[in-house]
Amino acid sequence: TSGIPQSNWNEIKGDADNMKYLKSVTKLAFEPGTKYDYNNNDVFLQRRIIEKITGLPYALFVTDNLFRPSGIKSAIFDPKETDTLIARSYNDEKVQDSLQWEIDGWPALNLLDFYKWSECISSFRLITPASTKEILSPFSTDDQTGLGHGTVEGKTLTTHRHDGTAKNYQALLISNANSSRTIILMTNNKQGNLDAISKSVISILEGKQYIQVRRSFVDDFEKSLENMNGEQTLALYRKIKVEQPDQYSFDGEKMLNQVGYFFLNNKKFADAITVFTFNTKLFPNSGNMFDSLAEAYYVEGNRSKALENYIIALKLDPNLESARKMIQELK
């Protein structure tokens with residue numbers, strides 16, 4: 001919620017390059033505290049603050065103060081091509097991704113260490129229940145936090161969910177105290193379906209009928225979407241819905257919402273608005289859909305249409321604090 005602008009991550013080549021860019025910033029993307037933006041620059045600056053205060057390199061600080069108390073022994077920071085124990089990530093054409101990252105500070109964990117991390121968070125070994133609850137409090141309902149999503153009741157982390165994607169790596173952690181169950185899924189060939197797989201795993205463990213795992217529309221057609229506008233994308237959506245109804249999940253609002261944000265993140269505002277508008281017609285009672293449409297209008301610069309749709313979003317879902325804050329700003 002800092003308002004610090006996003007870097008052009010396709011052009012950034014290392015920490016020094018990114019710091020040079022941030023020092024040249026003269027205007028914030030939005031007033032701090034009024035919006036939420038998933039932005040690695042916030043994490044980048046947190047790392048620099050830690051190094052300034054402790055006098056230690058970030059990786060050494062994390063190893064000594066977080067990983068060692070957690071029993072994590074095999075973490076590798078910022079893997080290089082020479083690291084033999086790293087599972088390389090590949091696309092569907094079996095082309096390997098580069099292990100070069102825009103900025104440093106990323107630890108790679110194996111499955112056992114990831115589980116140790118989950119248990120450490122659940123047992124409050126590093127921070128108190130009160131601090132854990134604070135970190136898990138999102139800016140608005142659907143936003144992630146530093147620990148993903150979760151609920152703390154008293155001194156129990158009742159639920160914890162955290163997911164992440166980088167290139168063709170994807171991971172998902174789901175922990176539930178009531179069922180004493182933790183599910184961790186990791187892949188080096190992203191298909192965008194770990195959430196669906198986890199739901200099927202839970203159904204099987206509970207002896208229930210499980211739902212067929214569907215493919216990710218955005219991941220499968222990303223290259224095509226890069227060269228299509230909003231109307232062409234909706235035409236493709238209708239075509240696939242008729243020809244491959246069992247391959248993709250057409251019964252929820254998430255699919256086209258992802259497509260809309262694909263366009264929005266690529267600054268194709270008119271195309272994002274086209275897709276979001278279509279989705280509000282499919283799901284007219286979803287506050288989240290109108291919130292997404294309002295965000296697209298806001299980023300485009302159409303404040304009146306943004307306000308109109310934020311008002312609708314808040315009316316449909318009074319818990320959308322982000323919409324409430326944006327209405328105040330726009331008024």
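The values are calculated or read from the model by the stated rules, or taken from the named source; none is laboratory data. It should be emphasised that the depicted structure is a prediction, and the values quoted were computed from it without experimental measurement. No Cβ is skipped: glycine too gets one built from the backbone with ideal geometry, and neighbour counts run over all protein chains shown.
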The lone exception for L172 - which of (1) closer than 28 Å to P129 by Cβ; (2) touching a residue at least 24 places away in the same chain (Cβ under 8 Å); (3) more than 15 Å from the chain's Cα centre (by Cα) it fails | (3)
Which of (1) of a type outside the set (K, R); (2) surrounded by 13 or more Cβ atoms within 10 Å (Cβ to Cβ); (3) assigned to a helix (DSSP H, G or I); (4) in contact (Cβ under 8 Å) with a residue 24 or more places away in the chain is the odd one out, the single condition A29 does not satisfy?
-> (3)
Would you mind telling me which numbered condition in (1) at pLDDT 90 or above; (2) touching an Asp or Glu at 6+ places or on another chain (Cβ under 6 Å) E243 fails?
-> (2)
Could you please find all residues in the range 32-41 being at pLDDT below 95 and in a helix (DSSP H, G or I)?
-> N40
Where residues in the range 240-262 are among the acidic types (D, E) and surrounded by fewer than 14 Cβ atoms within 10 Å (Cβ to Cβ), which of them is nearest to Q212 (Cα to Cα)?
-> D246
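Can you find a residue in the range 234-248 that is in contact with a helix residue (DSSP H, G or I) (Cβ under 6 Å, 6 or more places away or on another chain) and either aromatic (F, W, Y) or closer than 23 Å to D143 by Cα (or both)? Write out each step before concluding.
Looking only at the range 234-248, we keep the residues that are in contact with a helix residue (DSSP H, G or I) (Cβ under 6 Å, 6 or more places away or on another chain), and these are 234, 248.
Now drop any that are not either aromatic (F, W, Y) or closer than 23 Å to D143 by Cα (or both), which leaves 248.
Yes, because at least one residue in the range 234-248 is in contact with a helix residue (DSSP H, G or I) (Cβ under 6 Å, 6 or more places away or on another chain) and either aromatic (F, W, Y) or closer than 23 Å to D143 by Cα (or both).
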Do you know which residues across the range 32-74 are surrounded by 15 or more Cβ atoms within 10 Å (Cβ to Cβ), over 19 Å from W101 (Cα atoms) and of a type in the set (S, T, Y)?
-> Y36, T63, S70
Look through I197, I184, I202 and report the one residue that is touching a Phe, Trp or Tyr at 6+ places or on another chain (Cβ under 9 Å), β-branched (V, I, T) and under 22 Å from F250 (Cα atoms).
-> I202
Failed criterion for D271 (all others in (1) crowded, with 18+ Cβ neighbours inside 10 Å; (2) within 30 Å of R181 (Cβ to Cβ); (3) over 18 Å from the mean Cα position of the chain (by Cα) hold) | (2)
Complete set of residues in the range 206-233 that are among the hydrophobic types (A, V, I, L, M, F, W, C) and part of a helix (DSSP H, G or I) = F217, V218, F221, L225
All positions within the range 162-212 that are of a type in the set (A, V, I, L, M), at pLDDT below 90 and surrounded by 17 or more Cβ atoms within 10 Å (Cβ to Cβ) = A196
Please state which of the following conditions E222 fails to meet, knowing it meets all the rest: (1) out of contact with any Lys or Arg (no Cβ under 8 Å at 6 or more places or on another chain); (2) charged (D, E, K, R); (3) closer than 19 Å to N193 by Cβ; (4) surrounded by 14 or more Cβ atoms within 10 Å (Cβ to Cβ).
-> (4)
Can you work out which of the residues in the range 132-151 that are crowded, with 16+ Cβ neighbours inside 10 Å and hydroxyl-bearing (S, T, Y) is nearest to the chain's Cα centre (by Cα)?
-> S140
Mind listing whichever residues of the range 153-174 are farther than 18 Å from N188 by Cβ, out of contact with any Gly (no Cβ under 9 Å at 6 or more places or on another chain) and among the hydrophobic types (A, V, I, L, M, F, W, C)?
-> I174
For residues that are surrounded by fewer than 21 Cβ atoms within 10 Å (Cβ to Cβ) and under 23 Å from L256 (Cα atoms), scanning just the range 304-317, find the one that is modelled with the lowest pLDDT.
-> D317
Any idea which of S200, S224, S179 is under 29 Å from L264 (Cα atoms) and either out of contact with any strand residue (DSSP E or B) (no Cβ under 8 Å at 6 or more places or on another chain) or without any contact (Cβ under 8 Å) to a residue 12 or more places away in the chain (or both)?
-> S224
